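Here the structure comes first, spelled out in structure tokens, and everything after it is commentary.
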Amino acid sequence: MSGLVLYKVDASPPACAVRALGDMLGLAFDYENPDLLNLEHKSAEFMKMNPMGTIPVLKDEDFVVSESNAIMKYLLEKYGGEHRERLYPSDLRTRAIVDQCMFFNAGVFFIRLKVVVLPTILEGLKEPSPRQLQDVDTAFGVVEAYLENNKYIACDHLTLADLAVGSTAATIQCFRKLDAERFPRTAKWLDLLYEEPAFKKYIEPATKQLIEIMQAMQEKNRAL
Ligand SMILES: N[C@@H](CCC(=O)N[C@@H](CS)C(=O)NCC(=O)O)C(=O)O
């Protein structure tokens with residue numbers, strides 16, 4: 001028992017980012033898998049831990065924190081050792097850019113995934129609207145612009161920002177495939193991220209699972 005409990009589901013992009021970081025740091029999580037279809041993440045017990053009713057949630061003994069970006073920063077600060085400086089550089093400007101990308105992911109990019117995937121699974125959505133698809137491409141355009149100066153999203157090496165934004169960029173393709181001709185830097189960057197064993201280990205199966213879930217649910221919803 002490590003004392004670290006992570007509430008997650010396998011297909012969750014923010015949970016995958018946390019798990020990838022955990023691997024990089026050599027952390028062993030005990031997992032709890034709330035059943036989202038049965039709304040276990042909205043139960044009184046769960047909401048007491050995280051009033052947002054979202055996963056991931058981390059318990060470190062008697063301490064509880066939610067929001068993947070906050071969880072990753074906590075884990076890195078507490079357990080990061082030699083990885084701390086590389087993954088969340090202390091240089092003021094570099095750190096500000098890492099934060100910029102992480103806020104973009106939490107506030108914009110991941111939301112554009114969530115507003116399609118959750119309604120497809122839970123509310124009978126048949127397909128994303130043209131506007132929702134356009135919004136994803138606009139977000140890919142932001143990623144493409146962020147990658148203008150470096151091969152990683154915030155600086156010349158991998159940081160927490162790559163885990164956060166990269167997990168969304170890969171999994172959002174369960175309903176909007178990246179156009180590699182229009183967004184070539186983004187395509188190259190994703191290839192680079194897949195070279196990271198920890199990224200590949202969680203993000204690849206999550207993407208496959210989301211593709212299957214989306215196809216099955218869309219078929220079911222169209223037949224209703
Ligand atoms: N900004 C949050 C997003 C968390 C989130 O929305 N997770 C999804 C699963 S991937 C969830 O719990 N959705 C259920 C809901 O919003 O009701 C984070 O990074 O942790």
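The antiparallel fraction among DSSP beta bridges confined to the chain stands at about 75%. When only the Cβ of Lys, Arg, Asp and Glu is charged (+1, +1, -1, -1), the dipole of the range 4-85 relative to its Cα centre reaches about 200 debye.
Each Lys and Arg adds +1 at its Cβ and each Asp and Glu adds -1 at its Cβ; summed about the Cα centre, the chain shows a dipole of about 480 debye. In this structure the amide hydrogen of Leu125, modeled in the peptide plane, comes within under 5 Å of the amide hydrogens of Thr120, none closer than 5 places in sequence on its chain. Here's the picture: charge each Lys and Arg Cβ at +1 and each Asp and Glu Cβ at -1 in the range 89-223, and of Thr120, Gln134, Ala180 the one pushed furthest to the positive end of that dipole is Thr120. Loop-located GluC sites (Glu not before Pro) across the range 1-107 with a Cβ neighbour count of 14 or fewer within 10 Å are Glu61, with loop assigned by DSSP. So if I take the centroid of the Cα atoms in the range 15-38 and the same for the range 108-141, what is the distance between those two points in Å? Using only Cα atoms, the two centres lie 24 Å from each other.
Pairwise alpha-carbon distances in the chain exceed 32 Å for 16% of all pairs. Under 29 Å of direct C-alpha separation, and excluding same-chain neighbours fewer than eight residues apart, Lys200 reaches these lysines: Lys8, Lys59, Lys73, Lys78, Lys114, Lys151, Lys177, Lys188, Lys208. Scalar couplings 3J(HN,Hα) for the range 60-71, obtained by applying the Karplus form with A = 6.51, B = -1.76, C = 1.60 to θ = phi - 60°, are 10, 6, 8, 9, 10, 9, 10, 6, 4, 5, 5, 5 Hz; x denotes Gly and Pro.
The amide H of Glu32, built 1.01 Å from its N in the peptide plane, has Leu6, Tyr7, Lys8 as neighbours under 5 Å, considering only residues 5 or more places off or on other chains.
For the chain, a Gaussian network of Cα nodes joined below 10 Å ranks Gly141, Gly81, Gly22 by mean-square fluctuation, and the top entry is Gly81. Couplings for the range 80-88, taken from phi via the Karplus curve 6.51 cos²θ - 1.76 cosθ + 1.60 with θ = phi - 60°, read x, x, 5, 7, 4, 5, 5, 7, 9 Hz in order; Gly and Pro are left as x. Taking each DSSP H run with n ≥ 4 as -39500 (n - 2.57) and averaging over every residue of the chain yields -18000 deg cm²/dmol at 222 nm.
Where the only charges are on Cβ atoms (+1 Lys, Arg; -1 Asp, Glu), what is the dipole of the range 71-188 about its Cα centre, to the nearest 20 debye?
Roughly 140 debye, rounded to the nearest 20.
Phi-derived couplings, Karplus 6.51 cos²θ - 1.76 cosθ + 1.60 at θ = phi - 60°, listed residue by residue for the range 138-150: 4, 5, 4, x, 5, 4, 4, 5, 4, 8, 4, 9, 9 Hz, with x used for Gly and Pro.
Every read-out reported here was derived from the displayed coordinates using simple, explicitly stated rules and does not represent laboratory data. Since the structure is predicted, the reported quantities are computational estimates derived from the model, not experimental observations. Cβ sites come from the backbone with ideal geometry, for glycine too, and all protein chains shown count toward neighbours.
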